[in-house]
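Undergrad: My questions will all concern the structure given below.
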Amino acid sequence: MNYMISIPHEKTADKGTIHDPDTKLKVKAFDLKSGFKPNKSEVQYFVTAGQKKLAFETQGYKRHGKLLILQMISRYCIYLGLLEAQIHSSLPFVR
């Protein structure tokens, strides 16, 4: 699968968006330390990797497969160099 990753110039890499050109699904990354308010109509996953804690939320979710979302998040974590990343389906403990 080829996904496109977009990171706005003024933002950090942990605030980007992953795009799947085939399904048009987008998954947005959020740094949990900056605050995150989940949208009830979208799907969320959370990543912990060392001191990094990220939230990922779909944009335009229309019953896409969970595996697709997990693959997109995994690819983004590899892009960030978070090879030890663990993906969680619920909010992990945040300090």
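Undergrad: Give me a comma-separated list of calculated 3J(HN,Hα) values for segment 62-72, in order, Karplus coefficients 6.51, -1.76, 1.60 applied at θ = phi - 60°, integers in Hz, x for any Gly or Pro.
TA: 9, 6, 5, x, 4, 4, 4, 4, 5, 5, 5
Undergrad: In nm, what is the difference between 0.36 nm times the number of residues separating Lys40 and Gln71 and their Cα-Cα distance?
TA: On the way: separation 31, 0.36 × 31 = 11.16 nm, distance 2.15 nm.
Full extension from Lys40 to Gln71 adds 9.0 nm.
Undergrad: Test of the criteria: in segment 11-49, which trypsin sites (Lys or Arg not before Pro) are in a DSSP loop and have at most 15 other Cβ atoms within 10 angstrom of their Cβ? Kindly include the intermediate steps, with their values, before the conclusion.
TA: Values: sites: Lys11, Lys15, Lys24, Lys26, Lys28, Lys33, Lys40; in loops: Lys11, Lys24, Lys40.
Qualifying residues, ordered by number: Lys11, Lys24, Lys40.
Undergrad: Report in % the part of the accessible area of the chain that belongs to carbon and sulfur, leaving out ligands and nucleic acids; probe 1.4 Å.
TA: On the way: 3210 of 6100 Å².
Carbon and sulfur together cover 53 percent of it.
Undergrad: Compute the accessible area per residue over the chain, keeping the other protein chains in place, probe 1.4 Å, unit Å².
TA: On the way: 6100 Å² over 95 residues.
Counting only protein heavy atoms, the per-residue value for the chain is 64 Å².
Undergrad: Determine by what factor the alpha-carbon radius of gyration of segment 21-75 differs from 2.2 N^0.38 Å, reporting the quotient. Intermediate values should be presented prior to the final figure.
TA: On the way: Rg = 11.3 Å, N = 55, 2.2 N^0.38 = 10.1 Å.
Against the empirical 2.2 N^0.38 Å value, I get 1.12 for segment 21-75.
Undergrad: While we're here: Based on DSSP H runs of at least 4 residues, each adding -39500 (n - 2.57), what is the mean residue ellipticity at 222 nm of the chain after dividing by all its residues, to the nearest 500 deg cm²/dmol? Could the numbers behind the result be given before it?
TA: Values: 1 runs with 15 residues, N = 95.
So the calculated ellipticity at 222 nm is -5000 deg cm²/dmol.
Undergrad: Dividing the alpha-carbon Rg of segment 52-95 by 2.2 N^0.38 Å yields what? Before the final figure, lay out each step's value.
TA: Numbers: Rg = 11.3 Å, N = 44, 2.2 N^0.38 = 9.3 Å.
Compactness ratio reported: 1.22.
Undergrad: If you place +1 on the Cβ of every Lys and Arg and -1 on the Cβ of every Asp and Glu, how big does the dipole about the Cα centre of the chain come out, in debye to the nearest 20? Present the calculation step by step, with values, prior to reporting the outcome.
TA: Working: 15 positive and 8 negative charges, 57 e Å.
So the magnitude is around 280 debye.
Undergrad: Once you list every other residue whose beta carbon is under 12 Å from the beta carbon of Val43, what net charge do they have if Lys and Arg are +1 and Asp and Glu are -1?
TA: On the way: positive: Lys26, Lys28, Lys40, Lys62, Arg63, Lys66; negative: Glu42, Glu57.
Local charge sum for Val43: +4.
The values are calculated or read from the model by the stated rules, or taken from the named source; none is laboratory data. The structure presented is a predicted model; accordingly, all values stated were derived computationally and were not measured. Cβ: placed from backbone, ideal geometry, glycine included. Neighbour counts: every protein chain shown. When the accessible area is computed, the model is the full protein with side chains, heavy atoms only, and any ligands, DNA or RNA have been set aside. Shrake-Rupley method; radii C 1.70, N 1.55, O 1.52, S 1.80 Å.
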